[in-house]
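Structure record follows, encoded as structure tokens.
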């Protein structure tokens with residue numbers, strides 16, 4: 001019994017140190033964001049702010065940086081891409097899992113092999129395509145790329161669909177349901193847990209995506225959360241307390257989502273990595 | 001009956017039309033074009049692409065900067081090894097459920113979900129001269145180790161790899177924990193009856209149970225460290241010797257407007273990733289690992 005307690009103490013100690021190390025990089029950020037200009041210049045970055053409710057920097061960051069645009073654009077891109085990604089992923093999975101047809105193996109292989117292509121570098125050539133489609137400097141560039149290159153979701157849907165008994169489709173078919181009715185009224189509702197997983201992990205990934213909006217949407221009015229925050233670096237480099245506030249504004253939605261959806265997020269991360 | 005059968009052949013393509021169309025347009029067409037562009041000298045605008053054969057590849061092999069940026073991947077790979085070991089250790093500790101273990105897990109996983117620009121800015125501020133890290137180091141009485149974390153060219157890549165460990169450890173932790181929790185609990189009960197100690201439980205139950213996920217983590221670590229991009233790009237724009245292969249490729253394409261050469265770089269990267277994946281699949285084949 002005593003030995004067990006020792007283990008517990010050591011475990012708590014190690015975990016506490018690791019948790020502190022995880023939080024530590026964010027602490028100077030929080031402190032700085034709550035300090036006035038003078039206070040910021042005259043105090044060390046590990047000194048807590050005088051007034052914990054001084055939200056002046058947050059107001060400046062919100063109104064003077066382009067964060068408003070950023071959240072608006074990210075919101076639009078995120079919603080449209082998620083709906084699209086779910087439609088595409090479930091359709092592909094439905095066709096592959098529920099039908100036997102010539103060329104099925106080839107199709108499956110085509111999706112499989114695509115996961116090996118490193119996404120960032122193909123932008124060298126993808127850029128030309130987006131340009132030819134006249135999507136450069138429009139939100140559609142990000143939307144169509146998020147939708148069109150998301151293969152992990154197809155896998156998540158495929159995996160989940162395999163566990164939905166085929167007898168359900170059969171009996172519906174005998175009752176006279178067409179393939180679309182089966183897809184829309186039977187399969188889609190049963191896929192709800194998988195859809196939740198995709199929404200969560202893809203939603204987080206799209207919220208965090210930096211390079212695609214950076215490359216394809218240079219127009220400041222089309223800034224997303226990531227690029228709008230990135231653009232703080234130049235103009236605000238003399239007032240880091242504002243940059244810190246902006247950074248926290250961007251972190252806040254992630255923190256909220258994490259606190260509310262912790263369990264789903266853990267499940268989603270495992271499902272997304274282990275294709 | 002025959003008609004029904006042909007219909008069943010035809011219907012799936014209705015559902016596949018859009019997914020396959022997008023796959024072809026945004027994954028396979030770029031790859032094919034990349035090969036094509038890589039044999040040309042082209043700025044990305046000129047309607048005429050000048051064919052130069054393998055000239056771009058010769059340029060790559062002769063350019064020492066390329067090898068330097070590939071070498072930089074090693075810092076991140078080193079970081080990934082630390083990160084995987086740490087995650088394995090912490091996952092083992094956390095798998096003995098006790099009060100508060102979920103809170104600790106939350107703390108450790110959270111960084112993985114954060115926006116890359118936010119992470120980069122947080123660490124730019126932390127690493128600043130006289131910033132949070134300097135103060136911490138001084139408080140710990142290690143003042144003589146103070147340096148410019150991002151300015152010292154011998155240190156900067158370690159600092160960046162550190163950011164990467166901080167950011168990605170949580171993912172490994174979740175994967176390991178998931179694998180440990182899916183081990184049959186009866187095994188642990190049997191071990192307890194046999195008076196096996198914690199080390200034995202780790203060595204003979206946990207370790208064999210997470211083989212597959214460890215292999216996956218290593219594969220992700222290798223391709224991840226070759227593909228490092230966001231942190232060095234956002235924090236330092238690849239300056240001070242922190243360029244990575246991906247940064248170099250993208251700068252060649254979109255800053256220097258040498259799309260031909262950039263495509264050759266991209267093809268090279270694709271080749272490296274494919275070879276690495278292939279070799280790893282060979283190695284892990286006996287382990288019953290079934291990946292991509």
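The values are calculated or read from the model by the stated rules, or taken from the named source; none is laboratory data. Bear in mind the structure is a predicted one, so any value in this text is a computation, not a measurement. Here Cβ is always computed from backbone atoms with ideal geometry, including for glycine, and neighbour counts include all displayed protein chains.
Quick notes on this structure:
- Filter result (surrounded by fewer than 18 Cβ atoms within 10 Å (Cβ to Cβ) and closer than 30 Å to residue B:9 by Cβ) within the stretch A:58-94: A:83, A:87
- Here A:168, A:158, A:116 are screened, and the one residue that is within 12 Å of another protein chain (Cβ to nearest Cβ), part of a helix (DSSP H, G or I) and at pLDDT below 95 is A:158.
- Where a residue in the stretch A:101-119 is closer than 23 Å to residue B:222 by Cα and its partner, wherever it lies, is surrounded by fewer than 15 Cβ atoms within 10 Å (Cβ to Cβ), with Cβ under 6 Å and at least six apart: A:115/B:292
- Count of residues meeting criterion [within 15 Å of residue B:72 (Cβ to Cβ) and surrounded by 13 or more Cβ atoms within 10 Å (Cβ to Cβ)] in the stretch B:118-160: 7
- Residue check for residue B:146: closer than 20 Å to residue B:89 by Cα and either touching a strand residue (DSSP E or B) at 6+ places or on another chain (Cβ under 7 Å) or at pLDDT below 95 (or both): no
- Within the stretch B:161-194, the residues that satisfy the criterion of being surrounded by fewer than 12 Cβ atoms within 10 Å (Cβ to Cβ) and in a helix (DSSP H, G or I) are B:185, B:186, B:189, B:192, B:193.
- Every residue from the stretch A:240-264 that is more than 7 Å from chain B (Cβ to nearest Cβ) and buried (at least 17 other Cβ atoms within 10 Å of the Cβ): A:241, A:242, A:245, A:246, A:248, A:249, A:257, A:261
- When the helices (runs of 4 or more DSSP H) confined to the stretch B:195-288 are screened for residues that are more than 9 Å from chain A (Cβ to nearest Cβ), farther than 21 Å from residue B:62 by Cβ and at pLDDT 90 or above, those reaching at least 2 such residues are found at B:230-236.
- Scanning the stretch B:105-153 for residues that are without any contact (Cβ under 8 Å) to a residue 40 or more places away in the chain, assigned to a loop (DSSP other than H, G, I, E, B) and facing chain A (nearest Cβ under 7 Å) yields a total of 2.
- Residue that is farther than 20 Å from residue A:93 by Cα, touching a helix residue (DSSP H, G or I) at 6+ places or on another chain (Cβ under 7 Å) and not in a helix (DSSP H, G or I), where the choices are A:264, A:214, A:232: A:232
- The condition (being more than 20 Å from the chain's Cα centre (by Cα), buried (at least 20 other Cβ atoms within 10 Å of the Cβ) and closer than 30 Å to residue B:155 by Cβ) is satisfied by just one residue among B:268, B:252, B:243: B:252.
- Boolean, residue A:87 is out of contact with any strand residue (DSSP E or B) (no Cβ under 6 Å at 6 or more places or on another chain), without any contact (Cβ under 8 Å) to a residue 24 or more places away in the chain, facing chain B (nearest Cβ under 7 Å) and farther than 30 Å from residue B:35 by Cα: no
- Search result, residues across the stretch A:52-67 that are in a loop (DSSP other than H, G, I, E, B) and modelled with pLDDT under 90: A:65, A:66
- Helices (runs of 4 or more DSSP H) wholly inside the stretch A:1-42 that include at least 3 residues being within 9 Å of chain B (Cβ to nearest Cβ) and more than 30 Å from residue A:58 (Cβ to Cβ): A:2-23
- Taken over the stretch A:188-215, the criterion of being more than 15 Å from the chain's Cα centre (by Cα) and more than 11 Å from every other protein chain (Cβ to nearest Cβ) is satisfied by A:188, A:189, A:190, A:191, A:192, A:193, A:194.
- Under the condition of being surrounded by 21 or more Cβ atoms within 10 Å (Cβ to Cβ) and in a helix (DSSP H, G or I), the residues counted in the stretch A:144-154 number 7.
- Selection within the stretch B:227-240 - under 17 Å from residue B:148 (Cβ atoms) and surrounded by 22 or more Cβ atoms within 10 Å (Cβ to Cβ): B:232, B:235
- The condition of being under 30 Å from residue B:8 (Cβ atoms), in contact with a helix residue (DSSP H, G or I) (Cβ under 9 Å, 6 or more places away or on another chain) and surrounded by 12 or more Cβ atoms within 10 Å (Cβ to Cβ) holds for only one of A:227, A:181, that being A:181.
- Test result for residue A:173, away from every other protein chain (no Cβ under 11 Å), more than 26 Å from the chain's Cα centre (by Cα) and exposed (fewer than 15 other Cβ atoms within 10 Å of the Cβ): no
- Checking residue B:205 against (1) over 23 Å from residue A:125 (Cβ atoms); (2) out of contact with any helix residue (DSSP H, G or I) (no Cβ under 9 Å at 6 or more places or on another chain), the condition it does not meet: (2)
- The helices (runs of 4 or more DSSP H) found wholly in the stretch B:1-74 and carrying at least 3 residues that are within 9 Å of chain A (Cβ to nearest Cβ) and out of contact with any strand residue (DSSP E or B) (no Cβ under 8 Å at 6 or more places or on another chain) occupy B:2-23, B:29-37.
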